[in-house]
Amino acid sequence: MANTGRPKAKVSITFSEEELKTLIVGMNTSVYQSVEDFEMYNVAGMEMFGKEVLLLAKLRSVNEKKYGAEDGR
């Protein structure tokens, strides 16, 4: 049951550099798998894929700002 009356608030979470990199690697795997399955998606699947890509971009940006750009991405 969805709680539609409550506004969506941002949350702050602290990750170590290693935890952040692990999360990025996991998201990369998920996004690349989604690319392979893209033609089979319905509208909801495409929306979820888009959200994953945006989250991955955000995580990469945070990592780059905090720890610098990595080669070979």
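The values are calculated or read from the model by the stated rules, or taken from the named source; none is laboratory data. All of these numbers come straight from a predicted model, not from anything done at the bench. All Cβ positions, glycine included, derive from the backbone under ideal geometry; neighbour counts span all protein chains shown.
For the reader, a short list of remarks on this structure follows.
- Filtered residues of segment 16-32 (kept if part of a helix (DSSP H, G or I), of a type in the set (S, T, N, Q) and loosely packed, with under 11 Cβ neighbours inside 10 Å): T29
- The single condition among (1) among the hydrophobic types (A, V, I, L, M, F, W, C); (2) assigned to a helix (DSSP H, G or I); (3) at pLDDT 80 or above that I13 does not satisfy is (2).
- Residue in segment 39-60 that is touching a Lys or Arg at 6+ places or on another chain (Cβ under 8 Å) and surrounded by fewer than 12 Cβ atoms within 10 Å (Cβ to Cβ) present: no
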